[in-house]
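To keep things clear, I will list the structure first and then write my remarks on it.
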Amino acid sequence: MWSVSLVLTTKSARLTLRRGDEVVEDEVWKFDEPAPKAEQRDIAECVFHDCYDLLNYSAHGTAQ
């Protein structure tokens, strides 16, 4: 089983790819300035919608 997680805080973002319990990739970005909650929300929504479109296209061959 593969999993991807994105964690956003005011100071950093962390993107992790796992295969089962094994961490395959793990990246952390430190923000130069604190990220406002609205910006964190926008980033999370953008990532979600991009993943949704990719998976929808993979499953059904169409983008929405």
Extended-chain gain in nm, criterion 0.36 nm per residue less alpha-carbon gap, Lys37 and Val4: 9.7 nm
Selection from Trp29, Ser5, Leu55, by position along the positive dipole direction of the chain (Cβ): Ser5
Tell me, what % of the accessible area of region 1-55 is carbon and sulfur with a 1.4 angstrom probe? 57 percent
For a quick check: with amide H placed at 1.01 Å from N, whose amide H comes under 5 Å from Phe31's, ignoring anything fewer than 5 positions away on the same chain? Ser12, Ala13
Restricting to Cα pairs below 8 Å that are 6+ residues apart, what does the relative contact order work out to for the chain? Please round to a whole percent. 23 percent
Could the peptides 37-45, 8-16 be put in order, highest first, of the mean number of other beta-carbon atoms found within 10 Å of their residues? 8-16, 37-45
Per residue, how large is the accessible surface of the chain? Use a 1.4 angstrom probe and give square angstrom. 85 Å²
Whenever you get a sec, line up Val28, Val4 from highest to lowest accessible area (probe 1.4 Å, protein heavy atoms). Val4, Val28
The helix 37-60 Cα axis meets the longest alpha-carbon principal axis of the chain at an angle in degrees, between 0 and 90 and rounded to 10, of 10 degrees
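The values are calculated or read from the model by the stated rules, or taken from the named source; none is laboratory data. On a predicted model such as this, the values are computed, not experimentally measured, just so you know. Positions of Cβ are generated from backbone atoms using ideal geometry, with glycine treated the same way; all protein chains shown enter the neighbour counts. In case anyone asks, the SASA skips ligands and DNA or RNA and just uses the protein heavy atoms, side chains included. Shrake-Rupley method; radii C 1.70, N 1.55, O 1.52, S 1.80 Å.
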